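FYI, it's all coordinate maths here, none of it is from the lab. Since this is a predicted model, take the numbers as computed values, not measurements. Glycine also receives a Cβ, built like all others from the backbone with ideal geometry; neighbour counts cover every protein chain displayed.
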Amino acid sequence: MAASEPAVGTDAAAGFLLQRHRWHPAEALPWLIAIAAFFVFPGHLALGTQVLIWILFALSLDLVLGYAGIVTLGHAAFFGTGAYAAGLLSAKLGWGEPLTGLAFAGVCAAVVGLVSGWILLRYRGLTLLMLTLATTIMLYELGNARADITGGFDGLTGIAITPLLGAFQYDLYGRTNYLYALAVLFTLFLAARRIVYSPFGQAIIGIRENVRRMSAIGSPVHRRLVTIYTVSAAIAGIAGGLYAQSNSFVTLGALSFERSATVLIILILGGTGRLYGAFIGAVVFLLLEDHLAKLSPAFWEFGVGLVLVLTVLFARRGLLGLFEDSGRSIARLWR
Amino acid sequence: METTLNIAVGILLDGLAYGMILFIISVGLSVTMGLMGFVNLAHGAFAMAGGYVTVSVMSGFGVPFLAALPIAFVVVGAASVVFERLLYAPLYRAGELDQVLLTIGLVFMAIAAFTFFYGPAPKPIRVPDALSGSVDLGFRTLAAYRLFMVAVGAVMVTVLWFGFERTSLGAKIRAAVDNRRMAQSVGIDVDRLFTLTFAIGSGLAALGGGLAINIMGLTPTFAIQYLVFFLIVVAVGGPGSIKGTVVAALVLGITDNAGKYLYPDGGAFFIYAATIAILIAKPAGLYGRE
C-alpha cells in the first residue's frame with residue numbers, strides 16, 4: 001500500500017493541473033463578444049482593431065510581468081521593433097504579403113528580446129528597471145538619429161499590404177483588418193495559454209514566487225527567464241507588426257516610454273498573471289480613452305493616474321480580481 | 001584656435017550648470033532610494049512643483065527670485081511629508097512594481113493638475129538683472145546665470161557633504177543606508193529618519209526645479225521629460241552615495257550638453273548606451289554598495 005501512495009499523489013497533482021488546463025465555458029465569452037462586436041458596431045471596427053492589438057501587446061507583457069515576475073519599463077522596445085520591421089519590409093523592400101510580414105516582425109522582436117534578455121535578466125530591482133528603460137529609450141534615439149530610414153517624428157509612410165491570403169482585400173471599413181487581428185490574437189492566445197499551463201509555465205511561476213528555491217531544486221532559472229522573455233518579445237513584435245499593417249503608418253511613438261507605461265497600466269487595470277486581464281484592461285482603458293480623452297485630456301490623464309494609485313492601494317489584482325471577489329461575496333450571501 | 005577654445009569653454013560651462021541642476025534635483029532621490037530602496041518615479045513631479053511654486057510666489061506676491069527658492073523648498077518639502085505618510089509608507093515592504101505603478105500614477109495626476117491650473121504653455125521666469133546678463137572676464141564673456149548655477153551647485157555640494165559626513169543626522173542616514181536593521185537595533189528610528197530625509201530630498205528637488213526654469217524651461221511635462229535623467233544619475237552614481245550623485249550628474253550634464261552641440265542627431269543614443277554599459281559592469285552604480 002505504502003508504495004502506491006506517491007502514485008496517488010502524482011495522479012492528484014496531474015489531475016489538478018489538467019483541471020486548471022481544461023477550458024471553462026466562460027472562456028468562450030470574450031471571443032463571442034469580439035465576433036458580436038463585428039456585426040453590431042460595423043462603424044467602429046478601426047477602434048476595435050486597435051483594442052485587439054493592445055490586448056495582444058498586454059498579453060505579451062502578462063507573460064513576463066504576470067507569470068515570470070520580471071518588472072520591465074521597456075516593453076515598447078519589442079512592439080516598436082515589430083512595427084518597424086513589418087513597416088520597413090513593405091515600405092522599403094516592397095514586400096507586402098501580410099502573414100510573412102508579421103512573422104518577420106515577430107522574429108526581429110524575438111532576436112532583440114533574446115539578446116537583451118540574455119544580458120539584462122541577470123539583474124534585478126532598480127538595476128533591471130533602469131536597464132529595460134534605457135534599452136527602449138536607446139532604440140527610440142536610434143530611430144530618431146536614423147530618421148532617413150525610420151521617417152523619425154513624421155512617421156514611416158508607404159506601407160502597402162497585398163490582399164490577405166491573396167483573396168481578402170483590405171477594405172475602407174477595416175472589416176478584413178478586424179478579423180485578421182482577431183484571428184492572430186486567437187492563435188497567439190492559444191499558444192500563450194498552452195505555455196502558461198505547461199510544466200515550463202509552472203516553472204516560470206515558481207521563479208516568480210521564489211527564485212532561490214527554484215535555483216535550489218536545480219531549475220535553470222536564467223535560461224527559463226530568457227525563454228519566456230523571448231517568446232513575449234515575439235508576441236509583442238507581432239502586435240507591433242499588426243499595428244503597422246493596420247494603420248499603414250509607424251511613428252517613433254511605437255517605441256516610446258509612454259507606450260511602455262500605457263501597456264503596463266492596461267495590464268495592471270485588468271489584472272496580472274491571468275491572461276484575461278489583458279482583455280478586460282484593454283477594452284475598458286481604450287473605450288474610456290476614446291470617450292473621455294476627447295472631452296478633456298487633462299481630466300483623462302488625472303483619472304488614469306488616480307485609477308492607477310487606487311488600483312495599487314486597494315485592488316492589486318485588477319478589475320478581474322474585483323469581479324472575482326464580488327462574485328465570491330455574492331455567492332456567500334446566496335448561501 | 002581662439003574660437004575653438006571659446007566654444008569648448010562655453011560647452012563646459014553650460015554642461016556644468018546643467019549638471020549642477022541634475023545633482024540638486026537627484027540627490028534627494030538617491031538618498032531615499034539608498035535608504036528604503038523605494039523606486040520613486042514621482043521625484044520629478046516634486047521638482048516641477050517647486051518650479052511652479054517659485055513662479056507663483058514671484059508673480060502673485062512679488063517675492064524676489066532668490067527669496068522664492070527657499071519658499072519652494074519649504075512648501076514642497078512640507079507637502080511631500082503628506083504624500084510620504086499617506087501613500088508611500090504603505091508600500092515600503094511591497095515590490096518595486098507596486099512602487100513604480102503608484103508613483104507613475106502620481107506623475108500623471110501631477111501633470112494633469114498643473115496643466116489644469118497653469119496651462120500647457122511654458123511658464124517664463126524673470127531672474128534678477130544681475131543674473132540675466134553676462135559677465136566679462138576680460139578675455140571672454142560668460143552667461144551670468146550659468147556661473148551662478150555653478151556657484152550654487154558648488155555650495156550645495158559642500159553643504160550636503162558637510163551635512164552627510166559631519167553631522168549626527170548625516171551619520172544616522174549613512175548608518176541606515178549601510179544596514180537598516182543594525183541601525184534600528186542601535187536605536188535609530190529609521191521610519192522617522194526616512195520621513196525627514198524624504199522631506200529634505202523633495203525640498204531640494206523643488207529648489208532645483210526653481211533654479212532649472214531659466215535653463216530647462218517649465219511646462220507640466222517637466223515631471224516626465226527629465227525623469228529618466230534623474231534616474232540615470234541615481235542608478236549610475238549608486239543609490240545612497242552623494243559622491244556618486246555628484247560625479248554622475250556632472251558627467252551626464254556635460255556629456256549631454258556637448259552631444260547636443262557637437263552631434264545633435266545621435267548624441268542621446270550614446271548616453272543611454274553608456275548607461276547600459278556602466279550598469280552591466282557595475283549593477284549597483286559607480287559608488288554604490290554591491
Considering only B:I188, B:I232, B:I21, give the residue with the highest GNM mean-square fluctuation for chain B, with springs between Cα atoms whenever their separation is below 10 Å.
-> B:I188
What list of ³J(HN,Hα) couplings, whole Hz, do you get for the range A:306-318 from phi and the Karplus terms 6.51, -1.76, 1.60, once you set θ to phi - 60° and write x for glycine and proline?
-> 5, 4, 4, 4, 5, 4, 5, 7, 10, 9, 4, 9, x
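Step by step: find N for chain B, compute 2.2 N^0.38 Å, then divide the Cα radius of gyration by it. What's the final number?
On the way: Rg = 18.9 Å, N = 290, 2.2 N^0.38 = 19.0 Å.
With N residues counted in chain B, Rg over 2.2 N^0.38 Å equals 1.00.
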May I ask you to list the aspartates and glutamates whose Cα is less than 13 Å away from that of B:K172, ignoring any residue fewer than eight positions away on the same chain?
-> B:D189, B:D191
Return the Rg/Rh value of the protein assembly as shown, two decimal places, where both radii are evaluated on C-alpha atoms and Rh is the Kirkwood radius.
-> 1.00
dims of the range B:143-193, Cα set, principal axes, largest to smallest, nearest Å -> 51, 18, 16
Considering only A:A103, A:V231, A:V184, whose Cα is most displaced toward the positive end of the charge dipole of the range A:44-256, charges sitting on Cβ of Lys, Arg (+1) and Asp, Glu (-1)?
-> A:V231
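Need one value for A:311-318: mean number of C-beta atoms belonging to other chains within 10 Å of its residues' C-beta atoms. Show your work: numbers first, answer last.
Values: counts 4, 13, 8, 0, 0, 4, 0, 0.
If you average over the peptide's residues, the count of other-chain Cβ atoms is 4.
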Report the dimensions of chain A along its three principal axes from the alpha-carbon atoms, largest first, rounded to Å.
-> 72, 48, 44
Cα coordinate range in the range A:176-335, projected on the principal axes (Å, largest first) = 55, 49, 29
Taking amide hydrogens as modeled 1.01 Å from N in the peptide plane, which residues meet the under 5 Å criterion relative to A:L156, leaving out close sequence neighbours?
-> A:V250, A:T251
Residue by residue, what Karplus-based ³J(HN,Hα) values in Hz, rounded to whole numbers, does the range A:218-233 have, using 6.51, -1.76 and 1.60 with θ = phi - 60° and x for Gly and Pro?
-> x, 6, x, 4, 4, 4, 5, 5, 5, 4, 5, 5, 5, 4, 4, 4
What FRET efficiency comes out for the pair A:F186/A:A216, r = Cβ-Cβ distance, R0 = 41 Å, nearest 0.05?
-> 0.60
Work out, step by step, the length gained on full extension between B:Q225 and B:A89: first 0.36 nm times the residue separation, then minus their alpha carbon distance; give nm to one decimal.
-> 46.3 nm
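If a/c stays under 1.5 just call it rounded; otherwise compare a/b with b/c (prolate if a/b is bigger, oblate if not). Do that for the range A:37-118, with a ≥ b ≥ c from the square roots of the Cα gyration tensor eigenvalues.
Working: a/c = 2.80, a/b = 1.16, b/c = 2.41.
Because a/c hits 1.5 or more and a/b fails to exceed b/c, the range A:37-118 counts as oblate.
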Hey, what number do you get for chain A at 222 nm if only DSSP H runs of n ≥ 4 count, each worth -39500 (n - 2.57), divided across all residues, to the nearest 500?
-> -24500 deg cm²/dmol
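Can you show me the helix-derived [θ] at 222 nm for chain B, built from DSSP H runs with n ≥ 4 at -39,500 (n - 2.57) apiece and divided by the number of residues, rounded to the nearest 500. Intermediate values should be presented prior to the final figure.
Details: 13 runs with 218 residues, N = 290.
Here the helix-only value at 222 nm equals -25000 deg cm²/dmol.
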Tell me, how many Å apart are the Cα centres for the range B:224-251 and for the range B:157-204?
-> 19
Can you tell which of A:I35, A:G82, A:G281 lies farthest toward the positive end of the dipole of chain A, using +1 and -1 charges on the Cβ of basic and acidic side chains (Lys, Arg; Asp, Glu)?
-> A:G281
Of the residues B:V233, B:V27, B:V157, which exhibits the maximal mean-square fluctuation in a Gaussian network model of chain B defined by a 10 Å Cα contact cut-off?
-> B:V157
